[in-house]
Amino acid sequence: MVDRVITLGKRGSLHARRQALEIVRDKAIVRKLFDTIRAAFKDRPGGYTPDRQDRPARGDSAPIR
């Protein structure tokens, strides 16, 4: 969910802001996302949050990587 909201923040359009408000529902957080956090991730192509690899996979308990 966080990756999607940051991607919307990178777009910066009114439509993206409204889509982010549907997910977050807090205008202050969306404003901060579009004003400050957006600049920190503008050149990054994705992968804003790390994948958790400290637990076994769901279902068959296979090790992750």
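The values are calculated or read from the model by the stated rules, or taken from the named source; none is laboratory data. All of these numbers come straight from a predicted model, not from anything done at the bench. Please note: Cβ atoms are built from the backbone with ideal geometry, for glycine as well, and neighbour counts cover all protein chains shown. We work out accessible area using only protein heavy atoms, side chains counted, and drop any ligands, DNA or RNA first. Shrake-Rupley method; radii C 1.70, N 1.55, O 1.52, S 1.80 Å.
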Could you tally the net charge around VAL5, taking each other residue with its Cβ under 12 Å from the Cβ of VAL5, Lys/Arg +1 and Asp/Glu -1? +4
Answer label for Kirkwood radius over Cα pairs in Å (calculated), chosen among (i) 13.3; (ii) 14.2; (iii) 12.0: (i)
Percent accessible area from carbon and sulfur atoms, the chain, protein chains only, probe 1.4 Å: 50 percent
Across ASP43, ASP51, ASP26, the residue with the highest GNM fluctuation in the chain (Cα network, 10 Å cutoff) is ASP51
Can you give the accessible area per residue of the chain, in Å², using a 1.4 Å probe? 82 Å²
Over the chain, the sum of -39500 (n - 2.57) across DSSP H runs of at least four, divided by residue number and rounded to 500 deg cm²/dmol, gives at 222 nm -11500 deg cm²/dmol
Please compute the contact order of the chain in relative form: average sequence separation of alpha-carbon pairs under 8 Å and at least six residues apart, divided by the residue count, as a percent. 32 percent
Report, in debye and to the nearest 20, how large the dipole of the chain comes out about its Cα centre when Lys and Arg carry +1 and Asp and Glu carry -1 on their Cβ. 280 debye
Sequence-distant lysines (8 or more away, or on other chains) whose Cα lies within less than 16 Å of LYS10: LYS32, LYS42
Tilt relative to the chain, helix 2-11 - C-alpha long axis, 0 to 90 degrees, to 10: 30 degrees
